[in-house]
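Enquirer: Let me begin by handing over the structure; questions about it come next.
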Amino acid sequence: MITTLNLIGQTDYMIIEETEVETQIAFQDRKRIGIMGGTFSPPHLGHLIVAQQVGEQLGLDKIYFMPDAEPPHVDEKESISAKHRERMVRLSISGNPLFDIETIELERGGKSYTIDTMKLLTAMHPDTDYYFIIGGDMVEYLPKWKDIDALVQLVQFVGVARPGYGRESVYPIIWVDAPLIDISSTEIRKMVKTGRSIRYLVQEDVKDYILEVALAKKYGASLEACSLAALLHDFAKEHDAKSMKKIVLSQALDSEMTGYGSEIMHGPVGAYYAEKVFGIMDRAILDAIRQHTIGGEVMTLIGKVLFIADYIEPGRTFTGVDEARRLAEISLDEAAYFKIEKTIIHLVKKELPIYPGTIHVYNSWIQRKVGK
């Protein structure tokens, strides 16, 4: 009996030991993922600062930005399509290894209830602990969230203080201190409408994208084509002049542009990258990227939109920018000619060499203007 009991005891001990080891390993292997949900209309630097602080202070593996399709807990907002909001999020988080995007709610469509989303995510990723990030202004609304009692069993809420809101809640919340950045997407949209600068409120690529889409809507250009052009037009700037020159020469582009620096080369080189790296085949998009610095003798509607948007973006303060913005509200052709003419005048005043392509573009436009 003793031998039998010892054997059972040893067997039980071995099983218990194995279970404990497996449990410990499983616990150590669990991922710690932050979720920052929102409309992101548009995403701004406040979102990025909060996400960075939460990720670092809690030692999370990743922070996923999760744009919703139709938010149920916010007031009605001016519609910005999910497609554009997703692209702006991707632009905002690009280059930060801590950040990524979760598109489950966009793919599902309809109203986005957190409980439904988190049930799906926890089922898909049972090895993950989720930390759901909310602003201090949302904490008082938690009792109104759908199935909140079930939701707190699936996620750990992380609260980030906001001015004018307390930290009291009946639900378990980890509070994280972060710089109090009082930026709102609503205010940013108002600033864009009134032509005020949103520099330092959103990422530079997002700023360019917003203005491009606004002009595209005004003149009836393809939003899809214009948004792609906006996303890619300055991609070549991530490469130095030497790399650009190599592409210009290897692809039999105008070799003369290599003597005028990156400012001239990055348009044609950007079009090369758009086609060869990103697989863009639409000639109108490629031409728009190619021509966005000096213009073109013939330009499509997409090309004019990009050419002007790049020139009048909020934050630019050069002499004549207000007139360029005024003309952009009236006629893209008038605004484009204004930019081409001012570029020539600027280079002459500065006694800088003028790329022959720029002169050809000017000659073509002035001939059409005089001929009218």
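Enquirer: So Lys218 ticks every box in (1) surrounded by 15 or more Cβ atoms within 10 Å (Cβ to Cβ); (2) over 18 Å from the mean Cα position of the chain (by Cα); (3) outside any loop (DSSP other than H, G, I, E, B) but one. Which box is left unticked?
Expert: Every listed condition holds for Lys218 apart from (1).
Enquirer: Which of the numbered conditions does Arg189 fail, given that it passes all the others? Conditions: (1) touching a Phe, Trp or Tyr at 6+ places or on another chain (Cβ under 7 Å); (2) under 22 Å from Glu70 (Cα atoms).
Expert: (1)
Enquirer: Let me ask something else about it. If Ile312 satisfies every condition in (1) farther than 21 Å from Gly261 by Cα; (2) out of contact with any helix residue (DSSP H, G or I) (no Cβ under 6 Å at 6 or more places or on another chain); (3) of a type outside the set (Phe, Trp, Tyr) but one, which is the exception?
Expert: It fails just one condition, (2).
Enquirer: Here's a follow-up. Can you tell which of Lys207, Lys190 is in contact with a Pro (Cβ under 9 Å, 6 or more places away or on another chain), modelled with pLDDT under 85, part of a helix (DSSP H, G or I) and of a type outside the set (Val, Ile, Thr)?
Expert: Details: Lys190 fails: in contact with a Pro (Cβ under 9 Å, 6 or more places away or on another chain).
Residue meeting the stated conditions: Lys207.
Enquirer: Scanning the range 116-171 for residues that are basic (Lys, Arg) and out of contact with any Gly (no Cβ under 6 Å at 6 or more places or on another chain), which turns out modelled with the highest pLDDT? Write out each step before concluding.
Expert: Quick first cut of the range 116-171, residues basic (Lys, Arg) only: 119, 144, 146, 162, 167.
Still in the list and also out of contact with any Gly (no Cβ under 6 Å at 6 or more places or on another chain): 119, 144, 146, 167.
Working: Lys119: 97, Lys144: 91, Lys146: 93, Arg167: 84.
Ranking the candidates gives Lys119 first.
Enquirer: State yes or no: is Val158 under 20 Å from Met88 (Cα atoms) and not acidic (Asp, Glu)?
Expert: Working: under 20 Å from Met88 (Cα atoms): no; not acidic (Asp, Glu): yes.
It is false that Val158 is under 20 Å from Met88 (Cα atoms) and not acidic (Asp, Glu).
Enquirer: Of the numbered conditions (1) modelled with pLDDT of 85 or more; (2) touching a Leu at 6+ places or on another chain (Cβ under 9 Å); (3) under 21 Å from Gly295 (Cβ atoms), Met244 satisfies every one except a single condition; which is it?
Expert: Tallying (1) modelled with pLDDT of 85 or more; (2) touching a Leu at 6+ places or on another chain (Cβ under 9 Å); (3) under 21 Å from Gly295 (Cβ atoms), Met244 fails exactly one: (2).
The values are calculated or read from the model by the stated rules, or taken from the named source; none is laboratory data. All figures in this text were calculated on a predicted structure; none of them were measured in a lab. Positions of Cβ are generated from backbone atoms using ideal geometry, with glycine treated the same way; all protein chains shown enter the neighbour counts.
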